Amino acid sequence: MTKLINRESLDQLRESLKDRAKLGEKKLISLCAGSGCGAYGTAKVYEKLKEELANHGLTDDIEVKLTGCHGFCEKGPIMVIHPEGIFYPQIKPDFVPEIVEKTLKNGELVKSLIYKDPATKKNITHEHEIPFYKLQQRVIFGSNGLIDPTSIEDYIGAGGYSALSKALFDMKPKAIIDEIKKSGLRGRGGGGFPTGIKWETCARHHGNRYVICNADEGDPGAYMDRSLLEGNPHSVVEGMIIGAIAIGSNEGYVYVRHEYPLAVTNLGKALESARSLGILGKNILGSGFDFDIHISRGGGAFVCGESTALMASLEGKPGRPRAKYVHTVAKGFRDSPSNLNNVETWANVPVIINKGADWYASIGTQHSKGTKIFSLVGKVVNTGLVEVPMGTTLRQIIFDIGGGIPKKKKFKAVQTGGPSGGCIPERFLDLPVDFDELTKVGSIMGSGGMIVMDQDTCMVDVARYFVDFLKDESCGQCNPCREGLKHMLDILTDICQGRGKEGDIEILEEIGAMMQKFALCGLGTSAPNPVLTNILYFRDEYEAHIRDKKCPAGVCKPLFHYEIDPEKCTGCTVCAKKCPKEAVSGEKKKPHAIDQNNCIKCGICYEGCKFDAIKIC
């Protein structure tokens, strides 16, 4: 493809690609090829689909596109047929011949493959009618299911790099910064700092300024940034170039986790194609502005999500935070002014430049504007990536979009903000989700992880799990974090194993308060959050573990056992047949019993009993 030498050549290319951007003129099959669907076998579905289309002579009439993540990860591999928007979930290669024969050739639905809503038990044909999608506002994530992430032509044809053109030729750097400030965009990496103010401050400092993208997503259960880089890398690239124009930078870096091979591959292809077209490199679009982006792979250290640790790692040094007496916007990477934002923040920038700050600021709450992508996982029916306006309630996300709790179990808590976030109980389900409201109840937005927990979750064990994770990920520089987490873990482990004692709760609170006040970096000061919110909202569970030596949820094995209620047991023998240790005995149609000496508390009998005859004691 010929190098673009000016704004007009970009516009001409976009005009020539319009047909490819319009779904109505040619039938398009969109196959999710993100990491999740890819693991389920998208590649085999793709090969079978190409084969069947060729057999039916439909290759020239139907385009097949491997796209990024569609968000509904629970139902992968996902196939959507446009322009109708027919949604086929959990597709296998064996299903393809029937889809080609009936739907693509004869316009009929394969009724056995249509999505069935778990709540209403009704079949739903079209993607936009499915509650999971219907209730979202996919400003940033919506293009993932429509474009090939390895094709710059797809991105340009869908309007990509038009914001860059506007920023280069119609706006001064200060005007760009003012627009971002006016939009109210706040950093999506966890801190929630106003993006425009950060840019403005960085632009004031002299030196070789750097633009950096934090793609070191380290929260357990979170994969928003990975999916954006995999599915729409050019949106991030375009945002970074606009940011570079605004602050006066000529060099940028994407710091990405080494465990994200597909994201690295697709980003690398995006950078290469952008350079070949003249959108990156010297004299971008003939504007006289020079800027290029490099990829740096991180080793997977959670602490490198912190800005100063990330920049140290980017320099080849150990990823350790420093005290922020001097901010990175003044003295960061290579001791130069550095502007760091995460993947989702950069992807918001082209949208704001194209649609305007007023439009963007009309979405969300007073102090938290725009949409936010959440990774909805755990004990919830519909797991996946959810993009909603700031201010959407937890109840709407978990129950209306997420479909509620499986197996009709009771909601217990939701943990937001990753391992340094807090656990929010049921009474706050109607809390609007934004930066400030989450902070009020002891949690944080974080990068957008949202882990749902049901009645079978032990909150003491949850706190122990996150503290164990954070202890291993601590850089070890400061005593409050290093020793505080170790001591917290010892106490929580004792409580879970039946060795808890009076005063342990108060010691945990004291350690947490000390860490919040004296730890070196933001990760250290937020590390006690899971413990402190758990104690605040679920203190009774801690007391049950310590005083009664009981785990109400039946998770901490030393503190519970299973018993069979003889009045409810029908003698169906299911529990006896499923027990791996033959610890259940009894005659058919007569009450059974559990040998406590042989029982390993695996829970198979408890989960398998249809008569609720097995109880936790």
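Cross-link candidates for K577: which aspartates and glutamates have Cα within less than 19 Å, leaving aside residues fewer than 8 places away along the same chain?
Answer for K577, where 19 Å is the Cα cut-off: E563, D565, E587, D595, E607, D612, listed by chain and number.
Just add up the charged neighbours of K410: K/R +1, D/E -1, any other residue whose Cβ is under 15 Å from the Cβ of K410.
Here the charged neighbours net out to +2.
Restricting to DSSP H runs of at least four residues, report the calculated mean residue ellipticity at 222 nm for the chain, -39500 (n - 2.57) per run over all residues, nearest 500 deg cm²/dmol.
-10500 deg cm²/dmol
Kindly list the residues of the stretch 317-331 that lie in the label zone of T201, defined by a backbone N under 17 Å from the point 7 Å along the Cα-to-C-beta vector.
Once the point is set 7 Å along Cα→Cβ of T201, 322-331 turn out to lie under 17 Å by backbone N, inside the stretch 317-331.
Quick check on the exposure proxy: order H561, H206 from fewest to most C-beta atoms within 10 angstrom.
Going from sparsest to densest Cβ surroundings: H206, H561.
Straight distance only, please: which aspartates and glutamates reach the Cα of K198 with their own Cα at less than 14 Å, same-chain residues fewer than 8 apart left out?
D178, E179
How high is the FRET efficiency from K578 to K408, r the C-beta distance, R0 35 Å, rounded to 0.05?
After rounding to 0.05, the efficiency reads 0.95.
How do T493, T195 rank when sorted from fewest to most other Cβ atoms within 10 Å of their own Cβ?
Going from least to most buried by this count: T493, T195.
May I ask which residue of S474, I495, G512 lies farthest towards the positive end of the charge dipole of the stretch 459-548, with charges of +1 (Lys, Arg) and -1 (Asp, Glu) on Cβ and the Cα centre as origin?
After comparing all options, I get S474.
Please state the shape class of the stretch 368-408: rounded when a/c is under 1.5, otherwise prolate if a/b exceeds b/c and oblate if not, all from the C-alpha gyration tensor.
In terms of gyration-tensor shape, prolate.
Going by a ≥ b ≥ c, the root eigenvalues of the Cα gyration tensor, does the stretch 122-178 fall in the rounded group (a/c under 1.5), the prolate group (a/b larger than b/c) or the oblate group?
oblate
If you place +1 on the Cβ of every Lys and Arg, -1 on the Cβ of every Asp and Glu, and leave all else neutral, what size is the dipole of the stretch 12-136 about its Cα centre, to the nearest 20 Debye?
That gives the stretch 12-136 a dipole magnitude of about 300 debye.
Starting from the Cα gyration tensor of the stretch 160-361, take the square roots of the eigenvalues, sort them a ≥ b ≥ c, and report rounded, prolate or oblate (rounded when a/c is under 1.5, otherwise prolate if a/b is larger than b/c, else oblate).
Because its axes are fairly even, with a/c under 1.5, the stretch 160-361 counts as rounded.
As a quick test, which of the pairs K116/K578; K26/K102; K408/K440; K181/K372 have an alpha carbon distance above 24 angstrom in this structure?
In this structure, K116/K578; K408/K440 lie more than 24 Å apart at Cα.
Among the lysines, which fall within straight-line cross-link reach of K410, defined as a Cα-Cα distance under 21 Å, with same-chain neighbours fewer than 8 residues apart omitted?
K121, K379, K550, K610, K615
Tell me which of L431, A312, H367 sits at the most positive position along the dipole axis of the chain, charges placed on C-beta atoms (Lys, Arg +1; Asp, Glu -1).
It is L431, whose Cα lies furthest towards the positive end.
Arrange I373, I245 by Cβ neighbour counts within 10 Å, fewest through most, would you?
Result, fewest neighbours first: I245, I373.
Please give, to one decimal in nm, the separation of the simple spin-label points placed at S16 and K282, each 7 Å out from Cα toward the Cβ.
Those two pseudo-labels are separated by 2.4 nm.
Starting from the amide H of G300, placed 1.01 Å from N in the peptide plane, find each other amide H under 5 Å away whose residue is 5 or more places distant or on another chain.
H258
P(r) for the chain: what percent of alpha-carbon pairs falls in each 20 Å bin, starting at zero?
That works out to 18, 47, 29, 6, 0, in percent per bin.
A short reminder: the numbers here are calculations on the coordinates, not readings from a lab. Small disclaimer: the values here were computed from a predicted structure and weren't measured. Every residue, glycine as well, gets a Cβ built from its backbone with ideal geometry; the counts of neighbours run over all protein chains shown.
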